[in-house]
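Single-structure report; data block below.
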Ligand SMILES: NC(=O)C1=CN([C@@H]2O[C@H](COP(=O)(O)OP(=O)(O)OC[C@H]3O[C@@H](n4cnc5c(N)ncnc54)[C@H](OP(=O)(O)O)[C@@H]3O)[C@@H](O)[C@H]2O)C=CC1
Ligand SMILES: Cc1cn([C@H]2C[C@H](O)[C@@H](COP(=O)(O)OP(=O)(O)O[C@H]3O[C@@H](C)C(=O)[C@@H](O)[C@H]3O)O2)c(=O)[nH]c1=O
Ligand SMILES: [Mg+2]
């Protein structure tokens, strides 16, 4: 398939380019497609001969979004809507990535795709606006909610932990936020496997997160153990790590629908972490 990808430098976009395989990937960076200009992005789709469009770009600075909610809402809300409408007009599927942060984080049960959403921060609200706009466009689409994305490139928790361990023997990390770390490579592979299957009768909102669910503190310990660092991780409650944006405590997601409908397996993030650590060493 000929796939038009918005995003070039981000974690998922880079893996889409690397994992493209038999697909022909046309990836657009900010210089070619600025998501703060919704109409320009829609026009690019209108003029393209792509078989499907993947939006892998987003405003992802969770804390900064508290001060820039209007801009985050254009990039994460309005523009995905405009993209989805342009795809619907052309009759091609639109694949969009969303987040666990659309949920309020109450309870301990894994969230199912149809569970009620109630974002607790500006980033989550902007991503929810995107989901709603994509659905309203009425075309064939996939909204893939994922969480805690990591890779060898860009900014992510794995790279932050490795960087901090260079100068610190001990770190305090929140132990009461639970979720599924997900490798950008696994997300890219899932999107590429799903794209050819989407159509009028197949698609919608799905969850895709690495298993098993863990706390950020457990994730940090696994990063240090696998990379042979002796930095110690002390558990702290979220209340001891104040941030501008409130984060959900329960980010567990129920992902079985994706396997049922698209035959995509749910990855074990520990295997993906081995791979990312190898990539970072090389
Ligand atoms: N990171 C995470 O933990 C999670 C991410 N997601 C979702 O997954 C998707 C991919 O995220 P991820 O790969 O981590 O993203 P990154 O944070 O790694 O990268 C964001 C990308 O978006 C681009 N971008 C930001 N603003 C604009 C703009 N105005 N115009 C054009 N491009 C822009 C950036 O380009 P530039 O380099 O030029 O800034 C960059 O390529 C997003 O939809 C995100 O919401 C969901 C759950 C967790
Ligand atoms: C660096 C550090 C972070 N933390 C905490 C803060 C936070 O609760 C958690 C993770 O930190 P981050 O900055 O990676 O969190 P954050 O950027 O909010 O990660 C989120 O990004 C967006 C884009 C998503 O969609 C989410 O799925 C999620 O991945 O770890 C510590 O407890 N100790 C530390 O030393
Ligand atoms: Mg972050």
> For region 103-124, how many residues are buried (at least 23 other Cβ atoms within 10 Å of the Cβ) and either more than 16 Å from ligand 2 (Cβ to nearest atom) or assigned to a helix (DSSP H, G or I) (or both)?
Replying inline: 3
> Taking region 46-82, which residues are in contact with a strand residue (DSSP E or B) (Cβ under 6 Å, 6 or more places away or on another chain) and more than 30 Å from residue 243 (Cα to Cα)?
Replying inline: 48, 50, 51, 52, 53, 54
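From the list 65, 72, 33, pick out the single residue that is more than 8 Å from ligand 1 (Cβ to nearest atom), without any contact (Cβ under 8 Å) to a residue 60 or more places away in the chain and either assigned to a loop (DSSP other than H, G, I, E, B) or closer than 20 Å to residue 145 by Cα (or both). Spell out the reasoning first.
Details: 65 fails: without any contact (Cβ under 8 Å) to a residue 60 or more places away in the chain; 33 fails: more than 8 Å from ligand 1 (Cβ to nearest atom).
Answer to the selection: 72.
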> When region 155-172 is examined, which residues are found to be buried (at least 19 other Cβ atoms within 10 Å of the Cβ) and away from ligand 1 (no atom under 16 Å from the Cβ)?
Replying inline: 165
> Exactly one of (1) within 16 Å of ligand 2 (Cβ to nearest atom); (2) assigned to a helix (DSSP H, G or I); (3) without any contact (Cβ under 8 Å) to a residue 60 or more places away in the chain; (4) in contact with a helix residue (DSSP H, G or I) (Cβ under 7 Å, 6 or more places away or on another chain) is unmet by residue 13. Its number?
Replying inline: (4)
> Looking at region 129-151, is at least one residue under 28 Å from residue 228 (Cβ atoms) and more than 9 Å from ligand 2 (Cβ to nearest atom)?
Replying inline: yes
> Considering 50, 82, 22, which residue is within 28 Å of residue 201 (Cα to Cα), more than 12 Å from ligand 1 (Cβ to nearest atom) and free of Cβ contacts under 8 Å to residues at least 12 places away in the same chain?
Replying inline: 22
>> For region 198-209, give me each residue that is modelled with pLDDT of 95 or more and either within 16 Å of ligand 1 (Cβ to nearest atom) or assigned to a loop (DSSP other than H, G, I, E, B) (or both).
In response: 198, 203, 205, 206, 207, 208, 209
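Per-residue answers, yes or no, for (1) at pLDDT 95 or above; (2) more than 22 Å from residue 133 (Cα to Cα); (3) within 18 Å of the chain's Cα centre (by Cα):
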{"position": "7", "(1), (2), (3)": "yes, no, yes"}
{"position": "16", "(1), (2), (3)": "yes, yes, yes"}
{"position": "36", "(1), (2), (3)": "yes, no, no"}
{"position": "39", "(1), (2), (3)": "yes, no, no"}
{"position": "73", "(1), (2), (3)": "yes, no, yes"}
{"position": "76", "(1), (2), (3)": "yes, no, yes"}
{"position": "79", "(1), (2), (3)": "yes, no, yes"}
{"position": "85", "(1), (2), (3)": "yes, no, no"}
>> Just to check your reading of the model, which residue among 195, 188, 220, 175 is more than 14 Å from ligand 1 (Cβ to nearest atom) and under 20 Å from residue 18 (Cα atoms)?
In response: 195
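One residue is enough: does region 187-206 have a residue meeting the conditions farther than 29 Å from residue 235 by Cβ, in contact (Cβ under 8 Å) with a residue 40 or more places away in the chain, within 16 Å of ligand 3 (Cβ to nearest atom) and buried (at least 20 other Cβ atoms within 10 Å of the Cβ)? Walk me through it before giving the result.
The first filter runs over region 187-206 and keeps only residues farther than 29 Å from residue 235 by Cβ, leaving 188-206.
Narrowing further to those that are in contact (Cβ under 8 Å) with a residue 40 or more places away in the chain: 188-200, 202-206.
So of that shortlist, the ones also within 16 Å of ligand 3 (Cβ to nearest atom) come out as none.
No - not one qualifying residue is present in region 187-206.
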>> Give me the residue from region 87-102 that is touching a strand residue (DSSP E or B) at 6+ places or on another chain (Cβ under 8 Å) and assigned to a helix (DSSP H, G or I) and, out of that set, farthest from ligand 3 (Cβ to nearest atom).
In response: 88
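Matching residues to (1) away from ligand 2 (no atom under 16 Å from the Cβ); (2) in contact with a helix residue (DSSP H, G or I) (Cβ under 6 Å, 6 or more places away or on another chain); (3) closer than 23 Å to residue 122 by Cα:
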{"residue": "2", "(1), (2), (3)": "yes, no, no"}
{"residue": "27", "(1), (2), (3)": "yes, yes, no"}
{"residue": "34", "(1), (2), (3)": "yes, no, yes"}
{"residue": "44", "(1), (2), (3)": "yes, no, no"}
{"residue": "68", "(1), (2), (3)": "no, no, yes"}
{"residue": "80", "(1), (2), (3)": "no, yes, yes"}
{"residue": "85", "(1), (2), (3)": "yes, no, no"}
{"residue": "92", "(1), (2), (3)": "yes, no, no"}
{"residue": "95", "(1), (2), (3)": "yes, yes, yes"}
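For every residue, the table says whether it meets (1) within 21 Å of residue 214 (Cα to Cα); (2) surrounded by fewer than 17 Cβ atoms within 10 Å (Cβ to Cβ).
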| residue | (1), (2) |
| --- | --- |
| 243 | yes, yes |
| 250 | yes, no |
| 261 | no, yes |
| 264 | no, no |
| 268 | yes, yes |
| 279 | no, yes |
| 282 | no, yes |
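Per-residue answers, yes or no, for (1) surrounded by 20 or more Cβ atoms within 10 Å (Cβ to Cβ); (2) within 13 Å of ligand 1 (Cβ to nearest atom); (3) farther than 20 Å from residue 61 by Cα:
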residue	(1), (2), (3)
133	yes, no, yes
139	yes, no, yes
150	yes, yes, no
211	no, no, yes
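The values are calculated or read from the model by the stated rules, or taken from the named source; none is laboratory data. Only a predicted model underlies this, so the values are computations on that prediction, with no experimental measurement involved. Here the Cβ is made from the backbone with ideal geometry for all residues, glycine too, and neighbour counts use every protein chain on show.
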